[in-house]
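This report concerns only the one structure given below.
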Amino acid sequence: MSSDKLEVYTKGTKAWFKDAQEGYIVATMVEKTIQDKKLIMKFTIDSTNKEEKFEQLISKLEANNYDDLPPLKNPPRLEGADDLTNLSYLHEAAVLHSVRIRYLQEIIYTYSGLVLIAMNPFRRMNIYTAEIMRQYAGRPRHELEPHLFAIAEEAYRKMINEKVNQSIIVSGESGAGKTQSAKYVMRYFATVDELSASRAGSATDIANSSTSIEDAVLSTNPIMEAFGNSKTTRNDNSSRFGKYIEILFEKKPQDPTSVTIVGARIRTYLLERSRLTFQPDSERNYHIFYQLCAAAPAAERAELGIGSWDTFFYLNQGKTGTVNGVDDAEEFAITQKGMSVVGISVSTQWDIFKICAALLHIGNIKITDSRGAAQIDENDHALGMASKLLGVDPAEFRKWLIKKQITTRSEKIISDANTYQAITSRDSIAKYIYSLLFDWIVKIVNTKLDSSQTSKDGRFIGVLDIYGFEHFQKNSFEQFCINYANEKLQQEFTRHVFKLEQEEYVAEQISWSFIDFSDNQPCIDMIENKLGILDLLDEESRLPSGADDSLITKLYQRFGTAEHKFFEKPRFGQKEFVIKHYALDVNYQIEGFIEKNKDTVSEEQLKMLNESSFEFLKEVIYIEPEPEKASPQPPRGRAGGNKKPTLGSIFKNSLIKLMDTLRQTNPHYIRCIKPNQAKVAFEFEAHNVLGQLVACGVLETIKISRAGYPSKQTFSEFASRYYFLVPSSQWKTDPKLLTENIVKTVIKGENKYELGLRKVFFRAGQLAYLEKVRSEKFTAIVTFIQKCSIRTLRQKQYKKMKKSATLIQTAYRGFAARKLYKSMQQEAAAIKIQTCIRGALARKKYKAIRSSTRKIQQAWRRYVHKREFFKNRGEKSALRIQKVWRGYKARKWYKKEIRKIVLVQSLYRRKIAIREFKALKIEARSVGKLKETNYKLESKVFELSQSLDAKKKENVEMSKHLASLEEQLASLREKYQKMETDSKAKGSGAQEETAELRKQLAAAVESRDTLVKETEKLHGMIRKRDDSINHLQTEVANSQAEIKRMKEDLKNAPKQEDTATVNALKKEVASLREQMGRLVAGKYRTDRITEKFLNNDYAAANPLPTPAPVHTSAAARMSMSFFESAAQVTARVAESLGRSTEALAPEPKRKVQEIVIEDDTEQKERPIRMLEARELEDEVIDSLITNLRIPLPSTQTVATRKEIFFPAHLIGYLLSELLEHKMIDRMRDLLNHIMRAIQQLTMKFEDDYVSAFWLSNNYELMSVIKTARLRLPRPSLPNQDDEQSASAVLQTVHVDLKKVMLEIYHGWIKEFKKRLANMIVPAVIENQSLPGYICKQSGGIWSQWAAKSAATSQFSIDQLLNFLSKLSKTMRCYYMEESMSRQILTELLRVIGVSAFNHLLMRKNFCTWKRGVQIQYNVSRLEEWCTGHGIAEATLHLQQLMQAAKLLTLNKTSASDIEMIFDVCFLLNPTQIKKLLSLYYAADFDSPLSTELLKIVSNRAAVNEKLDSLLLDLDSSPEFIYPEPRNVKHIEKFIPAWIDLPYIQAVLSASYGSGSAVEASPPQ
């Protein structure tokens, strides 16, 4: 056993030694020896290099189980752990050091098991914003950094999931931050429902979404603080009472899985009454009095007699009337607002302030001494004001202040009171009234907050804000009650911790023995049991002669024996007693115990107050009697003599009730620590903190944990970190088996570890031992690798040098031989070179002379020929240029004129063709105008027949005319022959006549040729018409046969059609409509020249006769029968599908012979009646908007623009028709209904396709309306200045459409945020795509191959990119305006970047360098996607996350590295860099950051920390930029084949028939 305990103490081991200033300091062991059964260990203090020696007998160490050894220091990996129970060595020094490290890193929250330790930073920190709340909402406690929001979230979720009431106990000494922590917890509960319902909700929305109940709950804080808090030397806002707030929740009717706040209840404990009448130096009375003095209006100030605070005795004793950084006037307004929120009227508020003012005046009543009796001047101003405000008789008030009445059996004796008794009586009245006023306020607040909505099965979360353990130089009755309450709470806390510890052992099914812990029940029994301290105090308080001296004597007699170990009598003095509390021994002064315990007023004073004329005062001091079973004693304020309840008994009963409530709930603990007494930000006083850790029970929790198995890890975590401590032959894929092999191999001895079902448990120190073995193994491995590496390098270096020497020698010898050979070669070559050179020089000279002569001759000849050549070429070029230029000018003028002529002809012909094409297209689609089409068809046939007859007649006439012309020609020839014979005689006159005759002859021949060509053309047209009619007859016959077959199929079909039959019938209907459209279009597909000839020339020459019954041809009758049959089949198909046949039913059949041409007036009125029809509006709302089957995006077929935008264009066309007919009111109503329908449809956000489709159509409709407004014909409207004009209506509609577009955009973005909330963190932060950098906290080889146990995230980066790609494709398929789609995608990328960055800042034990590499890769994938989709600007929103990932991968070992981090991460503010570095988790051969480097970062961050925000604002999205509406060239009158819009089709047909359909002109 000795070796097991001492073997960890080796050279270099670090241990802790006590220090007077730092609490504990660390030292390094340099030597260990055992001499004469005595252990001697020498240490060197790290900070001072002083030597520290430890000597102890082995026998004594064994007797104490080696607990006297210096406490060991934890490995660097465990220092600063966010949960103290994770420390391997659990003792005071380790706990204090871990808390100190985290606090100096400005991390104020630390877990200690189920306890949250909260260090007061004494500085405002930006860690309580709505963004921080959103990060903790819905997340497990262990996932993020320690925070009181994590405790609140855990309590909230347990209440919902386990259906058990919860309580959060916030304790600590004054100034530790209890009140502020409780306020933040309550604020979290008030907003958690909105935070969990929508992670994407904006902070502004969350702040504005709280209900009146939630506002009222939060408003209780300023009220309770004003009346129950004051400034003390330790805290500027110290709570002078304890309170327990139960926040009541109920299930939401619409969502049973969530709850909402429906009310609250407040209980208060032990208000410090003595503060009202006395305050020590530099302390204040309750805040409300100073607020009233500072902020009361002039009228109320005069009425209440209020002046400056220093004029009142109850306020000026502490000589401090203000608090730094606090404006009492502003606080008074907040208090009034809070009282209004909870339902206290303004008049009642001023009644409360009236009582407060009266109490201040009571304190100013001067009591003097007159021969041993108290005396008050009858004209005392303070007495008059107090009596006036309280509504009592001044004389009666004065009397019972300086008189006292003693009641005997036979009479009542009134005697004078001395000065001390009168002052005590005065102060007692003030304290009595104020305490009852405080209770009344709490009662009213509870009445307002405890809603009637609360049901029996409703749940609550209680927040207990209670004073911590107190130990002053002088401790009185208040400290006794406070410490008694803390004894009870500590007992409950210890039992709960013990219970949880044992429950975990049972759940893991490990072998364990009962853990013994120090139970403070005997101390509690000594205080509260029968004949205990409180019982003796009450007994002495009820005696008329009861005194403090008598009480202390009874306490000595009752508890001053040896059997009472928790009570101690001091050696000197008879005015004190000592109670040994769980935290420390407290010395109490008995003076004032009896008076403070009584704290009542006389019966005469109470009667005087009950007879007051101030009704509100009577209401305040009235106390309802309690049931006898609840309290056998009569309530305060009623007659009962010595049976009045004392403060001690009241506090005891309320504390017992509180304990009963807490036992029925699941408790959560927040222990607030005050790090220094000077209230300096981030200054750490070790002894002060250590005392509070003891007082709040944290160290007691550590002791309980040490008694069992404090260190625990899951099998996978343990195996991934320590797998290499055993040979690879023992590695198993099952982490439990691998863990078992590791612990059996490394840990020797019994009862040092236990294997559970999911975890491995270790005794204290074993995890540190494993870390030490791991470090030694690493050191050995690294040393071996270094040794082998150095040897290999030296061998390589030797071989390289040997090879180099050989190469040098070989090279030198070769160089010398080559040099000799070269010298000999050069000598022989020199002679030969001389010979060659001399010959070469002679030849060269000769050739040069000959060449020069030839060049001179050539140059002269070339010059002569060139001069002659250029002269000839110049003359020819001039002639050619002149010819080409003249031809070019002529051709240019000719082509220009030709182009102009052709352009004019083309434009005119295109205009005619477009007009005819659109008219024919409209008529071709019109099913409602079939009869009119048939009529026109028959008219055309009739006209063709008439035209044929006319042409025949004309041909006969032309033939006759031709014969006459031939006769004329023959006569002219005869004349010509005669004239030719006489030509010589007649001379020049005859020649002129001959020329004229020739011209006439040429004209006649040309006219004849033209008539022949026209006749042939007419014959061809007639043949073409006959062929067309024959073709139509064939098609009609085929269609009738098909319709007949369909009728038979319908008759034989079963009544209940299946889906396939229904779809087939729908396709048949669509095909019939297409055939009908083709037939109608075929009837009117004519040659443009013929159409022009028939419609213009022939119609002008042969006008139609008066309207009469028209006989139709056989082909027309067949066509009509086909249309009627098709309409009947369509109606039957619709009826079989269960639809109304009203829209599909054909018009009543009538014979073609009865068709007549409509009257012009009727044709003009019919479109107006159609536009006014209610059915048209219903069809637009229902069929075109609400029930529209939106075309879905497809990879095979892409919808055209007109197939996507046809709703907007059809609506725009209807608006143009309404404008054309000046139906302004109808247009306004229709547009309002359309926008309302679009808004109702899109706000559901059931499908992205709906949102994208209507967002695009909304923009298109806005563009159509803007274009219509710009092209509005000004003269067509009567009053252009009227607000009801078309322009004003269109402008209003344009603005409303922009609002609808904005709502769709923001609603859609909010919906995307909800969907991305659960995807962003797994995909961007947790997803590990790079196989070489897989990390699972510790990482390691085992985590990569052991059954591939590395946890994969729920979503991957590929899934996120697929989501974005699908959205981008959807917007492209619906032709969304580019700027809108860019804004949507950019905003989503911003949400991804901000959410991922914020989560990274809050994630604990997560920020490793490998994780940084993975995040960099994921962000680069997002950036590539942005670049590939043309939104490179969106990558700017990912830069903070990218730089945070870079920060994790950068080196962090020196101050220069820190400077580089700040340079590289320039987009991150110093606060964010500090947070990331404080979260950095050292893993995989990495070392944690030193305290010195963190201090450098903290100093840089402290400069602008108040202005810097920790988290990025998820709500600061850029404003939506409305896209500029485009100019629509023309409105598409397109209706897809898969939609049935008969009324809109009728409007289109009627408008075309009446000639009112006007195409939009091209833009100017």
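The values are calculated or read from the model by the stated rules, or taken from the named source; none is laboratory data. Note that the coordinates shown come from a computational prediction; the quantities given were computed from them, not determined experimentally. Ideal geometry is used to build each Cβ from the backbone, glycine not excepted, and the neighbour counts take in all protein chains shown. What goes into the accessible areas is simple: the full protein's heavy atoms, side chains included, and nothing from ligands, DNA or RNA. Shrake-Rupley method; radii C 1.70, N 1.55, O 1.52, S 1.80 Å.
What to note about this one:
- Restricting 15, 93 to those that are part of a strand (DSSP E or B), under 56 Å from the mean Cα position of the chain (by Cα) and farther than 28 Å from residue 180 by Cα reduces the list to 15.
- Selected residue (only one of 715, 784 is in contact (Cβ under 8 Å) with a residue 12 or more places away in the chain and either among the hydrophobic types (A, V, I, L, M, F, W, C) or closer than 23 Å to residue 508 by Cα (or both)): 715
- Selection of first residues in the stretch 175-193 that are in contact (Cβ under 8 Å) with a residue 24 or more places away in the chain and under 17 Å from residue 222 (Cα atoms) and of second residues that are aromatic (Phe, Trp, Tyr) and crowded, with 23+ Cβ neighbours inside 10 Å, restricted to Cβ pairs under 6 Å at least 6 apart or on distinct chains, gives the following pairs, ordered by first then second residue: 188/149.
- Number of residues in the stretch 1463-1482 that are free of Cβ contacts under 8 Å to residues at least 60 places away in the same chain and not in a helix (DSSP H, G or I) equals 5.
- Every pair of residues 6+ apart whose Cβ atoms lie under 8 Å, when the first sits in the stretch 1432-1457 and is acidic (Asp, Glu) while the second is not in a helix (DSSP H, G or I): 1457/1450; 1457/1451
- Residue tally, condition exposed (fewer than 15 other Cβ atoms within 10 Å of the Cβ) and part of a loop (DSSP other than H, G, I, E, B), over the stretch 1163-1189: 3
- Filtered by the rule that a residue be closer than 14 Å to residue 1470 by Cβ and assigned to a loop (DSSP other than H, G, I, E, B), the stretch 1489-1513 gives 1502, 1503, 1504, 1505, 1506, 1507, 1508, 1509, 1510.
- Meets criteria (over 30 Å from residue 675 (Cα atoms), out of contact with any Leu (no Cβ under 7 Å at 6 or more places or on another chain) and among the hydroxyl-bearing types (Ser, Thr, Tyr)) for residue 48: no
- Answer from 425, 370 - the residue that is touching a Leu at 6+ places or on another chain (Cβ under 9 Å) and either of a type in the set (S, T, N, Q) or open to solvent by 70 Å² or more (accessible area, probe 1.4 Å) (or both): 425
- Of the residues making up the stretch 297-326, those that are assigned to a loop (DSSP other than H, G, I, E, B) and among the hydrophobic types (A, V, I, L, M, F, W, C) number 4.
- Checking each residue in the stretch 377-397 for being surrounded by 20 or more Cβ atoms within 10 Å (Cβ to Cβ) and either more than 60 Å from the chain's Cα centre (by Cα) or part of a loop (DSSP other than H, G, I, E, B) (or both) picks out 383, 392, 397.
- Cβ pairs under 6 Å, 6+ apart, first in the stretch 1277-1304 and closer than 26 Å to residue 1520 by Cβ and at pLDDT 85 or above, second open to solvent by less than 30 Å² (accessible area, probe 1.4 Å) and not in a helix (DSSP H, G or I): 1302/1520
- Candidates 395, 417, 430 - the one that is under 19 Å from residue 274 (Cβ atoms) and of a type in the set (A, V, I, L, M, F, W, C): 430
- Residue satisfying condition, being in contact (Cβ under 8 Å) with a residue 12 or more places away in the chain and touching a Phe, Trp or Tyr at 6+ places or on another chain (Cβ under 9 Å), within set 96, 87: 96
- When the stretch 1443-1468 is filtered for residues that are open to solvent by 20 Å² or more (accessible area, probe 1.4 Å) and under 28 Å from residue 1514 (Cβ atoms), the ones remaining, listed by number, are 1446, 1449, 1450, 1462, 1463, 1464, 1466, 1467.
- Residues in the stretch 284-302 that are surrounded by fewer than 17 Cβ atoms within 10 Å (Cβ to Cβ) and charged (D, E, K, R): 300, 301.
- Qualifying positions in the stretch 1402-1451 - in contact with a Lys or Arg (Cβ under 6 Å, 6 or more places away or on another chain) and closer than 18 Å to residue 1464 by Cα: 1437
- Residue within the stretch 991-1013 that is at pLDDT below 70, farther than 22 Å from residue 957 by Cα and not in a helix (DSSP H, G or I) present: no
- Of everything in the stretch 240-259 that is surrounded by fewer than 17 Cβ atoms within 10 Å (Cβ to Cβ) and in contact with a helix residue (DSSP H, G or I) (Cβ under 8 Å, 6 or more places away or on another chain), the residue that is modelled with the lowest pLDDT is 257.
- Out of 1078, 1045, 973, one residue alone is at pLDDT 70 or above, charged (D, E, K, R) and over 30 Å from residue 956 (Cβ atoms). It is 1045.
- Considering (1) open to solvent by less than 60 Å² (accessible area, probe 1.4 Å); (2) modelled with pLDDT of 85 or more, the lone condition that residue 1201 does not fulfil carries the number (1).
- Criterion (under 29 Å from residue 679 (Cα atoms), touching a helix residue (DSSP H, G or I) at 6+ places or on another chain (Cβ under 7 Å) and either among the hydroxyl-bearing types (Ser, Thr, Tyr) or surrounded by fewer than 19 Cβ atoms within 10 Å (Cβ to Cβ) (or both)) met by exactly one of 310, 327, 281: 310
- The stretch 1498-1546, subset open to solvent by less than 60 Å² (accessible area, probe 1.4 Å) and in contact with a Pro (Cβ under 7 Å, 6 or more places away or on another chain), residue nearest to residue 917 (Cα to Cα): 1508
- Scanning the stretch 562-595 for residues that are in contact (Cβ under 8 Å) with a residue 60 or more places away in the chain, open to solvent by 60 Å² or more (accessible area, probe 1.4 Å) and over 17 Å from residue 695 (Cα atoms) yields 591, 595.
- Residue in the stretch 1352-1395 that is farthest from residue 1510 (Cα to Cα), counting only those that are open to solvent by 20 Å² or more (accessible area, probe 1.4 Å) and among the acidic types (Asp, Glu): 1377
- Within the option set 65, 120, being farther than 27 Å from residue 183 by Cβ and of a type outside the set (Asp, Glu) holds for one residue only, 65.
- Cross-chain or 6+ apart pairs with Cβ under 9 Å, the stretch 675-689 first and touching a residue at least 12 places away in the same chain (Cβ under 8 Å), then open to solvent by 60 Å² or more (accessible area, probe 1.4 Å) and not in a loop (DSSP other than H, G, I, E, B): 682/104; 684/104
- The residue that is farthest from the chain's Cα centre (by Cα), among those in the stretch 1493-1515 that are modelled with pLDDT under 80 and farther than 12 Å from residue 1474 by Cα, is 1503.
- Answer from 698, 746, 694 - the residue that is in contact (Cβ under 8 Å) with a residue 60 or more places away in the chain and open to solvent by less than 30 Å² (accessible area, probe 1.4 Å): 698
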